[in-house]
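One structure is given here, and the rest of the page talks about it.
Nothing in this text is a laboratory measurement; each read-out follows from the coordinates by a stated rule. The structure presented is a predicted model; accordingly, all values stated were derived computationally and were not measured. Methodologically, a virtual Cβ is constructed for each residue, glycine included, from the backbone with ideal geometry; neighbour enumeration extends over all protein chains shown.
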Amino acid sequence: MTETETRTISEAKADAALSFYTLGDEISDPKAPTGPVQEKWSTRKFEAKLVNPANRRKLTVIIVGTGLAGGAAAATLGEAGYNVLNFCYQDSPRRAHSIAAQGGINAAKNYRNDGDSVHRLFYDTVKGGDYRAREANVYRLAEVSAAIIDQCVAQGVPFAREYGGLLDTRSFGGVQVQRTFYARGQTGQQLLIGAYQALERQVAAGTVTMYNRHEMVEVIIADGRARGIVTRNMVTGAIESWLGDAVVLATGGYGNVFFLSTNAMGCNVTATWRAHRKGAYFGNPCYTQIHPTCIPVHGETQSKLTLMSESLRNDGRIWVPKNAADCTKDPRQIPEDQRDYYLERIYPAFGNLVPRDIASRQAKNMCDDGRGVGPAVTERALDGSTRQVRRGVYLDFSSAIKRLGKDKVKASYGNLFDMYEQITGDNPYETPMRIYPAVHYTMGGLWVDYDLQSNIPGLYVAGEANFSDHGANRLGASALMQGLADGYFVLPNTINDYLADATKHGTIDESHPAVTEALASVKERVDKLLSIKGNRSVDSFHKELGTIMWEYCGMERTEAGLQIAIEKIRGLREEYWRNVRVTGQNEEFNQALERAGRVADFLELGELMCIDALHRRESCGGHFRAESQTEDGEALRDDDQYLYVAAWEYGGEGKPVLHKEPLEYKFIELKQRSYK
Amino acid sequence: MKITLRIWRQANATAKGELKTYHVDNVSEEMSFLEMLDLLNEQLTMANDDPVAFDHDCREGICGACGVVINGAPHGRYSSPVPTTTCQLHMRNFADGAVIDVEPWRAGAFPIIKDLVVDRTAFDAIIQAGGFISANTGSAPDAHATPAPKRLADKAFDNAACIGCGACVAACPNSSAMLFTSAKITHLAMLPQGQPERYSRVKSMIARHDELGFGGCTNVGECASVCPKEIPLESIAQLNRDLIAALFKADGK
């Protein structure tokens with residue numbers, strides 16, 4: 001087939017995808033300064049307008065979310081003297097899901113003298129993201145990374161230390177230097193508690209007012225600017241509006257669209273989806289990260305999946321039996337030469353430390369090949385046929401225990417081993433752990449410019465909730481880095497540029513039509529959910545949506561599968577609004593109602609994710625299209641056609657509108673990712 | 001497995017509560033305790049009954065949101081071979097046909113919101129009184145400017161592992177939050193960065209602890225025995241040492 005013929009076929013298929021969306025104007029990031037990548041951030045900081053300290057206390061910033069990005073931003077803007085209103089759905093800001101991150105945080109400190117630098121962290125992150133991230137943003141992330149470690153140490157974050165009293169580091173997937181700082185297997189917890197303590201200090205100082213158990217259910221946009229939010233008080237049911245000079249959404253990712261994920265039960269897309277419905281573009285929704293080392297599903301009643309830190313891949317070896325006949329044997333009885341250490345075999349240079357997307361897909365391949373381990377489950381294929389598949393691979397520490405001794409292994413990974421034993425009842429010191437990939441992180445999120453401002457003036461988005469820094473795949477230990485970079489260092493420098501003009505923007509009050517409309521729409525939606533009184537619980541819909549998403553929009557996506565998924569989601573959404581049962585009423589503590597609102601939004605997001613995945617007819621990072629792979633089964637990008645960010649505009653009842661933001665690589669050469 | 005539950009039901013903070021009995025069938029050993037409650041709630045929803053309200057979020061034992069008293073012990077500590085949060089307690093620890101009592105944390109400083117959900121904002125208020133190091137963003141020296149001895153850094157970490165769940169308060173006959181408070185005091189007191197505010201911190205945090213209505217510590221030790229993160233009773237001794245030392249210093253109130 002000639003190249004022209006190939007092109008014609010792919011255009012014809014692209015047309016088929018076009019029945020699901022329309023094409024809008026191209027967009028660009030207007031804020032990143034031109035010039036060398038090393039100078040962009042200092043130029044932007046210098047060019048951004050400032051706000052006089054005396055004026056800051058007259059300005060109100062609304063921040064939704066108290067994780068690493070939201071908590072750090074609230075504390076820092078509070079220290080700067082702004083009047084901050086901070087909201088979270090949990091009973092305390094200390095519970096935000098950043099707390100569950102285990103492994104570590106990257107920083108270009110080069111304390112190991114192993115050749116690390118800002119440029120190398122920048123390069124690794126762009127490459128790890130499979131060349132689908134913005135160069136300017138990633139460079140800035142690498143640039144501020146070192147200051148994050150300094151800040152956290154000053155706050156009293158108890159990072160792991162060596163006997164000389166200096167900080168210890170370790171290695172993570174996709175890199176060949178040791179730049180990951182950690183605090184046992186609880187790095188996220190310690191960083192979050194650091195941010196939380198800084199936040200509580202500002203609460204005590206009176207600069208931040210904290211609203212716990214308040215869920216944001218709508219954004220208020222007046223005269224084209226973000227002016228506030230509507231929340232539901234989760235204790236009393238009161239629906240209230242809050243007005244300010246800027247709104248920051250730091251509400252995390254949307255992995256719970258899959259029902260089973262490593263996210264907390266409460267993690268949801270409502271804040272960003274509500275903003276999307278009011279005009280904010282959603283960037284790359286289909287880019288999801290499937291984490292390779294999670295504890296496999298135990299059964300139908302499973303409510304969430306538990307991650308085992310990627311750091312385990314430093315010393316643990318991943319394998320499956322060479323022969324399918326051995327899959328039911330006790331793994332300890334399988335001799336060394338009958339084991340397939342497939343990551344070490346396929347990727348000799350990186351071995352067990354290949355990036356997450358690759359490790360996950362290979363685990364799937366091994367199980368598809370009939371060499372998975374653990375209990376067999378029934379699976380249904382697209383053509384309706386069923387088969388029995390074992391979904392698990394071994395993560396084995398026996399050679400590490402031999403090499404380092406049990407005590408050393410226990411010191412590094414003890415809490416993770418204990419957690420595994422508590423959940424599965426198996427002792428990992430004795431028998432290899434079983435792991436399988438699970439949904440973990442979403443690289444997609446609301447589209448933002450270099451300043452972290454969405455296309456709606458005054459609406460900023462930070463942390464996992466935005467789409468910006470990880471491209472199509474996030475490297476391990478980069479989420480904590482991005483959350484804190486956004487919260488401590490980026491947003492507090494860029495938001496001033498907007499707030500400096502606050503007086504020109506004027507103020508609005510509660511009587512503004514945008515406020516009354518937002519309040520009325522929230523009340524109407526709540527009433528509707530409570531009035532359906534159907535026959536199916538909210539959870540049953542959520543589980544069904546999750547099954548569709550995992551089956552068709554999970555680790556491997558196909559043209560046919562995605563179209564089926566869109567059809568199924570539409571049907572499910574239609575049924576939801578006539579058959580869901582939400583017990584109780586609004587004016588009380590009502591967890592069924594909370595979940596009902598979140599699932600309603602997931603049912604809309606799921607469709608957009610499938611459309612995005614359908615339109616992107618290439619494989620890149622975590623987005624793997626079966627039709628686009630190299631001869632040896634690796635993701636095959638199509639840079640000629642898809643070197644852009646897909647920013648989706650809400651289409652209402654009609655089709656979503658695709659705006660492409662072309663990506664330019666000036667400082668890093670585009671090439672096929674290789675970890676061999 | 002078949003399980004019988006006797007669960008505390010209380011519509012709101014002011015309503016009168018009572019223990020109600022429920023039966024749950026088809027419980028599997030792999031289920032976590034909260035997944036078993038999910039199953040009950042699905043059953044109640046289908047019967048048009050009000051599902052049981054309980055706090056939970058990460059279900060990995062780290063966020064500290066969950067926590068109920070199971071058979072008289074916070075997080076069901078005495079049903080589990082190892083320290084645990086409620087979300088990490090699994091049904092394999094219970095016998096088929098077991099009758100399990102489920103109640104909320106009970107303490108004056110933790111008012112009930114609904115059923116098994118209590119208000120723990122008093123913990124945030126204790127932290128606000130000084131449970132931090134005053135280091136504004138951007139003002140930090142290089143992380144290696146001040147080495148911290150590993151032994152002390154490890155001790156700081158052991159105490160920083162506290163998840164703020166409140167089990168210690170629920171277990172204490174005096175409803176004291178001394179273990180929670182001492183964990184933060186010890187965490188920050190072991191680090192070089194925590195020294196400048198060390199003595200003012202202990203005074204103001206204890207003053208706030210008492211104002212909020214938590215009781216005093218009488219060294220019963222129930223708190224440490226139920227703590228899912230194994231914060232040791234010794235941390236309270238550290239708090240007391242720092243508090244006594246603070247009385248001879250001009251720092252703080």
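Here is how the numbers come out for the structure above:
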{"quantity": "Calculated [θ] (222 nm, deg cm²/dmol) that DSSP helices of n ≥ 4 give over chain A, each run adding -39,500 (n - 2.57)", "calculated": "-11500 deg cm²/dmol"}
{"quantity": "Kirkwood-based shape ratio for segment B:200-253, expressed as Rg/Rh from alpha carbons", "calculated": "1.01"}
{"quantity": "Cut-off under 5 Å, modelled amide H: who pairs with B:Ala65 long-range", "calculated": "B:Asp57, B:Cys58"}
{"quantity": "Overall dimensions of segment A:225-367 as given by Cα atoms, namely Rg and Dmax in Å", "calculated": "21.7, 66"}
{"quantity": "Simple Cβ-charge dipole of segment A:559-672, Lys/Arg +1 and Asp/Glu -1, about Cα centre, in debye nearest 20", "calculated": "320"}
{"quantity": "Peptide A:196-206 - average C-beta neighbours from other chains (10 Å radius)", "calculated": "6"}
{"quantity": "Angle between chain B longest axis and helix B:234-247 axis [Cα atoms, degrees, rounded to 10]", "calculated": "40"}
{"quantity": "Residue (of A:Ile548, A:Asn466, A:Asn256) at the positive-pole extreme of chain A, dipole from beta-carbon charges", "calculated": "A:Asn256"}
{"quantity": "Long-range tail of P(r) for the protein assembly as shown (Cα pairs > 43 Å, %)", "calculated": "28"}
{"quantity": "Amide H contacts under 5 Å for A:Ala222, placed H, 5+ residues apart", "calculated": "A:Arg227"}
{"quantity": "Average Cα contact separation per residue, segment B:1-152, under 8 Å, 6 or more apart, as relative contact order %", "calculated": "26"}
{"quantity": "In Å, descending, principal axis extents of the Cα set of segment A:554-617", "calculated": "47, 19, 15"}
{"quantity": "For segment A:292-439: span of alpha carbons on each principal axis (Å, largest first)", "calculated": "50, 34, 30"}
{"quantity": "Amide H contacts of A:Ala183 (H built 1.01 Å from N, under 5 Å, at least 5 apart or other chain)", "calculated": "A:Ala160"}
{"quantity": "Shielding by partners, peptide A:581-591 (average Cβ within 10 angstrom, other chains)", "calculated": "4"}
{"quantity": "Folded to 0 to 90 degrees: helix B:33-46 orientation relative to chain B principal axis, Cα", "calculated": "50"}
{"quantity": "Relative contact order (percent, whole number), chain A, Cα cutoff 8 Å, 6+ residue spacing", "calculated": "21"}
{"quantity": "Residue-by-residue Karplus 3J(HN,Hα) for segment B:79-92, coefficients 6.51, -1.76, 1.60, Hz, glycine and proline x", "calculated": "9, 10, x, 10, x, 8, 8, 4, 5, 9, 7, 10, 5, 5"}
{"quantity": "For chain B, convex hull of alpha carbons as volume per residue, Å³", "calculated": "146"}
{"quantity": "Distribution of pairwise C-alpha distances over segment A:144-213, 10 Å bins, in %", "calculated": "18, 42, 26, 12, 2"}
{"quantity": "10 Å Cβ shell holding at most 15 others, DSSP loop, GluC sites (Glu not before Pro): longest site-free stretch of chain A", "calculated": "A:163-299"}
{"quantity": "Likely footprinting exposure, A:Trp41, A:Trp648, A:Trp577, fewest C-beta neighbours within 10 Å first", "calculated": "A:Trp577, A:Trp41, A:Trp648"}
{"quantity": "Positive-end extreme of charge dipole, the protein assembly as shown - chosen from A:His298, B:Pro196, B:Phe157 (charges on Cβ)", "calculated": "B:Pro196"}
{"quantity": "Taking segment A:292-439 and dividing mean pair separation by its residue count, relative contact order in percent (alpha carbons under 8 Å, at least six apart)", "calculated": "31"}
{"quantity": "For chain B, with +1 on Lys and Arg beta carbons and -1 on Asp and Glu, the positive-most of B:Asn93, B:Cys217, B:Ala167 along the dipole", "calculated": "B:Cys217"}
{"quantity": "Sum of -39500 (n - 2.57) over DSSP H runs of 4+, divided by residues of chain B (222 nm, nearest 500)", "calculated": "-9500 deg cm²/dmol"}
{"quantity": "Shielding by partners, peptide A:74-82 (average Cβ within 10 angstrom, other chains)", "calculated": "2"}
{"quantity": "Fewest-first sequence of A:Val51, B:Val169 by Cβ atoms within 10 Å of each Cβ", "calculated": "A:Val51, B:Val169"}
{"quantity": "A:Phe589, A:Phe172 arranged by Cβ crowding within 10 Å, fewest neighbours leading", "calculated": "A:Phe589, A:Phe172"}
{"quantity": "Within segment A:292-439: Cβ-based charge dipole about Cα centre, in debye rounded to nearest 20 (Lys, Arg +1; Asp, Glu -1)", "calculated": "160"}
{"quantity": "Evaluated at q = 0.10, 0.15, 0.23 Å⁻¹: base-10 log I(q)/I(0), Debye formula over Cα of segment B:3-103", "calculated": "-0.25, -0.59, -1.41"}
{"quantity": "Acute angle (nearest 10 degrees) that the helix B:198-211 long axis makes with the longest principal axis of chain B, alpha-carbon atoms", "calculated": "40"}
{"quantity": "Only Lys, Arg (+1) and Asp, Glu (-1) charged, at Cβ; segment B:105-253 dipole about Cα centre in debye", "calculated": "200"}
